[in-house]
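The values are calculated or read from the model by the stated rules, or taken from the named source; none is laboratory data. Here the structure is a predicted model, which is why all the values come from computation and not from measurement. Neighbour counts are summed over all protein chains in view; Cβ atoms, including those assigned to glycine, are modelled from backbone coordinates with ideal geometry.
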Amino acid sequence: MNLGQRNKVSVQGNMSSMTDLVFLLLIFFVILSTLVSNGVNVELPKAKGTNSVTAKMTVSIMADESYYVNGGAVAKADLESILKVRMESSPDNVLYLQVDESVPTGATVELIGMAKANEWKVMLGASPAKK
């Protein structure tokens, strides 16, 4: 007597829905990578938080791209040499940057690059957000 089951259920699933999902994800990431590589213009928000400054060395760049170290005017050409001398006496090697919002980004990046080359830590100052 044959007591085995005659009707066998197919265990294989249909993979067409899985391939549709993979193609949708592929399209999503292609579009997302295009937006990231081209860049999207975004207005950056003001910073929230306290304005506690612990650094002893402050470098300010005004709107007319004039440089000040701890409140004293400094020529751009002399900035690195003056900072090297003053940072030697600073125990924490922290440089606090106050940059006017109308100053081009290149001036800020140049100053950050100078700090990185001399192994100084950098803090960027921001005005508090208006409520």
Next item on the list: Tell me which residues, restricted to the stretch 70-95, are surrounded by 10 or more Cβ atoms within 10 Å (Cβ to Cβ) and either under 17 Å from the mean Cα position of the chain (by Cα) or among the acidic types (Asp, Glu) (or both).
Entry: 78, 80, 92
Note to self: Take the residues in the stretch 1-60 that are under 30 Å from residue 99 (Cα atoms), surrounded by 10 or more Cβ atoms within 10 Å (Cβ to Cβ) and of a type outside the set (A, V, I, L, M); name whichever of them is modelled with the lowest pLDDT.
What the structure shows: 46
Note to self: Let me spell it out: the conditions are (1) in contact (Cβ under 8 Å) with a residue 24 or more places away in the chain; (2) farther than 18 Å from residue 121 by Cα; (3) not hydrophobic (A, V, I, L, M, F, W, C), and residue 86 meets all of them except one. Which number is the exception?
What the structure shows: (2)
